[in-house]
Ligand code: ADP
């Protein structure tokens, strides 16, 4: 082989090698890009100018039958974007689980198009909860405020001192009702927004002592015996005020839903990692069908009794929030006509 010919072959081999390593580098780059995009919670689909899918990250697939619907929407929007038209579509999937997606596609300056799939499910759920909550608050406050207006009108029209006194008493009652609902709403929102606050070592004896002091008089007035068992110097890591508020709500309910002559018992059990505070009563109890729902805001089993006893329907929602803030839980066992036991379970030490 001539020297020149061998030189040409060497050069073309070098170029082939270079081309090969350029291709490998480009493939590694695509792999790196795909791996990075797979870590992103937003779905991304890239298409070339002919509409062929070049890249699709993991979040672009929602899983199950819904993928067909998502793919259809992505392809339609990508085709339009390749032709130069950006667009978006909100997709509500009935699940399970139900999902709300926002799919957008944008042109990439003649180099194809990109579709972005955003999961709005959690935001949509929170919006629905907020709307419900506002509707509930409006309803809960409308009742006492409406009653106040009617009572005030009656008072303005009456000359009878005895009737006036009765109407004024009713007005005070309704004003207190509205004020209790507002207080509980503020408490709930403080606990929801503030998380757990600065954790401190809290003596259970001090918490239960404070709860007992708050409720001794109410229990006596209701003819209900309040028994608080001693605690053996147990401590928990948490927010003292929130713990007092949670156990107070449980004791308040136990007294409210127990007939005169009944007993409310507060006791605590400790293991290596948990403290369980039990509040039990031998009162009216809760029907099995309502047990799952009593922790919802404004849910009441017996509206009339809750109203009569000044309930706001927010007490157990507060207890559940306090439990969550402490990495614990609250549960209930009950039998209609026999009584209820609520258990607040809190880790003894701060979770890391
Ligand atoms: P409320 O202010 O109406 O008591 P809660 O959120 O504290 O609201 O409780 C929700 C509902 O759960 C109450 O309306 C009542 O029907 C039921 N409930 C709660 N605690 C008890 C209990 N110890 N015994 C019977 N029913 C209870």
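The values are calculated or read from the model by the stated rules, or taken from the named source; none is laboratory data. What you see is a predicted model; the values in this text were computed from it and never measured. A quick note on method: Cβ atoms are made from the backbone with ideal geometry, for glycine too, and the neighbour counts reach across all protein chains shown.
Overview of results
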{"read-out": "Test: residue in segment 308-320 that is more than 8 Å from the ligand (Cβ to nearest atom) and surrounded by fewer than 16 Cβ atoms within 10 Å (Cβ to Cβ)", "value": "yes"}
{"read-out": "Single residue of 99, 104, 90, 85 found to be closer than 17 Å to residue 60 by Cβ, loosely packed, with under 14 Cβ neighbours inside 10 Å and touching a strand residue (DSSP E or B) at 6+ places or on another chain (Cβ under 8 Å)", "value": "90"}
{"read-out": "So residue 74, is it buried (at least 18 other Cβ atoms within 10 Å of the Cβ) and assigned to a loop (DSSP other than H, G, I, E, B)", "value": "no"}
{"read-out": "Pairs where the first residue, in segment 271-286, is on the phi > 0 side of the Ramachandran plot and the second is in a strand (DSSP E or B), C-beta under 8 Å, 6+ apart", "value": "285/334; 285/335; 285/339; 285/340"}
{"read-out": "Qualifying residue in segment 192-207 (condition: within 24 Å of the chain's Cα centre (by Cα), surrounded by 15 or more Cβ atoms within 10 Å (Cβ to Cβ), in contact (Cβ under 8 Å) with a residue 24 or more places away in the chain and within 16 Å of the ligand (Cβ to nearest atom))", "value": "no"}
{"read-out": "Residue check, residue 246 under 30 Å from residue 130 (Cβ atoms), near the ligand (Cβ under 8 Å from one of its atoms) and modelled with pLDDT of 90 or more", "value": "no"}
{"read-out": "Candidates 254, 272, 219, 212 - the one that is touching a strand residue (DSSP E or B) at 6+ places or on another chain (Cβ under 7 Å) and either under 19 Å from residue 332 (Cα atoms) or part of a loop (DSSP other than H, G, I, E, B) (or both)", "value": "254"}
{"read-out": "Selection count where residues are over 27 Å from residue 109 (Cβ atoms) and within 51 Å of the chain's Cα centre (by Cα), scope segment 5-55", "value": "1"}
